[in-house]
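Working notes, beginning with the structure itself.
The values are calculated or read from the model by the stated rules, or taken from the named source; none is laboratory data. In this text, all values refer to a predicted model and were calculated from it rather than measured experimentally. Backbone-built Cβ (ideal geometry, glycine too); neighbour counts: all protein chains shown.
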Amino acid sequence: MRLAELSRRSGVPTATIKYYLREGLLPPGRRVTATQAEYDDAHLKRLRLVRALIQVGRVPIASAREVLTALEDESLDHNSRLGTAVWALPHGPEPTGEEAADETRAAARRTVDALLARLGWEFAEEYGDESPAHRMLVTAVGTLARLGYPCAVEDLAPYARAGRQLAVTDLDLIERYDSPEAQLEAAVALTVLYEPVLLALRRMAQTEESNRRYGQGSPQACGGVPDA
């Protein structure tokens with residue numbers, strides 16, 4: 001297919017496709033004349049992945065290139081390729097110099113590592129501060145501690161166990177796709193697109209639980225004692 005057809009089938013403007021070609025995010029087409037090239041379904045699939053990374057995942061161009069390089073690296077296993085894709089996604093602001101060095105953050109790091117050890121996760125030992133998610137969790141726990149909110153291991157453990165079950169669901173969804181390329185695209189898109197779904201469901205569930213506990217007709221509202 002020519003560039004115009006690739007644009008039509010993908011929904012990506014030709015100018016954007018040319019930009020991706022210049023940046024090395026899309027492999028060159030097969031040259032047929034001095035000024036024209038042909039593209040195939042592999043270009044269409046790659047274009048979908050690039051759009052998932054940049055538009056859905058808000059991944060910077062340099063990071064997107066890193067993901068695409070990992071995809072083509074046959075020395076990496078499937079787990080490493082998926083991990084590279086998800087790690088490239090934005091994970092929130094990094095701590096400032098003062099925050100990174102203060103004792104509260106050091107204590108938060110110890111809490112997070114103790115939590116992972118209790119769960120039997122080898123995450124901290126294998127990745128530690130190399131992982132954006134690990135750093136994000138340490139920052140969040142440090143903020144909770146500074147503001148005086150509960151953030152001990154026993155407070156965090158139920159969230160971790162819920163997260164583990166969500167991970168099973170995530171991977172089950174990703175495995176519905178046949179090819180490694182499609183699974184990589186799905187890992188990026190579903191991670192990003194399902195986060196607002198999770199947030200919305202959590203808030204709706206909080207409303208349901210609040211109504212159950214404190215709403216009109218609940219044992220607490222009537223002065224009773226809830227069942228054990």
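Please specify each residue of the stretch 55-65 satisfying the condition of being in a helix (DSSP H, G or I) and crowded, with 17+ Cβ neighbours inside 10 Å. Before the answer, list the steps.
Here is the first cut: in the stretch 55-65, the residues in a helix (DSSP H, G or I) are 55-56, 61-65.
Correct list: S63, A64, R65.
Close Cβ contacts (under 6 Å, 6 or more residues apart or on different chains) running from residues in the stretch 166-183 that are assigned to a loop (DSSP other than H, G, I, E, B) to residues that are of a type in the set (A, V, I, L, M) and surrounded by 11 or more Cβ atoms within 10 Å (Cβ to Cβ) comprise Y177/A186. Here is a list: E185, E130. Which entry is modelled with pLDDT under 90, exposed (fewer than 12 other Cβ atoms within 10 Å of the Cβ) and within 18 Å of the chain's Cα centre (by Cα)? It is E130.
Condition check: under 17 Å from the mean Cα position of the chain (by Cα), closer than 29 Å to D113 by Cα and at pLDDT 95 or above. Does Y194 satisfy that? Walk me through how you get there before you give the answer.
Values: under 17 Å from the mean Cα position of the chain (by Cα): yes; closer than 29 Å to D113 by Cα: yes; at pLDDT 95 or above: no.
In short, no.
Give the residue, chosen from G223, G148, that is at pLDDT 85 or above and assigned to a loop (DSSP other than H, G, I, E, B). Write out each step before concluding.
Values: G223 fails: at pLDDT 85 or above.
Of G223, G148, the one residue that is at pLDDT 85 or above and assigned to a loop (DSSP other than H, G, I, E, B) is G148.
Whenever a residue of the stretch 140-157 is surrounded by 13 or more Cβ atoms within 10 Å (Cβ to Cβ), its partners that are among the polar types (S, T, N, Q), lying with C-beta atoms within less than 6 angstrom and at least six residues away or across chains, give the pairs V141/T111; G142/T104; A145/T104; R146/T104. Of everything listed in (1) under 25 Å from E5 (Cβ atoms); (2) surrounded by fewer than 20 Cβ atoms within 10 Å (Cβ to Cβ); (3) touching a Ser or Thr at 6+ places or on another chain (Cβ under 9 Å), the single unmet condition for W87 is (1). Looking only at residues in the stretch 103-115 that are free of Cβ contacts under 8 Å to residues at least 40 places away in the same chain and farther than 11 Å from V141 by Cα, the one that is surrounded by the fewest Cβ atoms within 10 Å (Cβ to Cβ) is E103.
For the stretch 12-21, does any single residue satisfy the condition of being in a strand (DSSP E or B), of a type in the set (D, E, K, R) and either free of Cβ contacts under 8 Å to residues at least 40 places away in the same chain or in contact with a Phe, Trp or Tyr (Cβ under 6 Å, 6 or more places away or on another chain) (or both)? Before you say what the answer is, go through the steps one by one.
Of the stretch 12-21, the ones in a strand (DSSP E or B) are none.
The answer is no; no qualifying residue exists.
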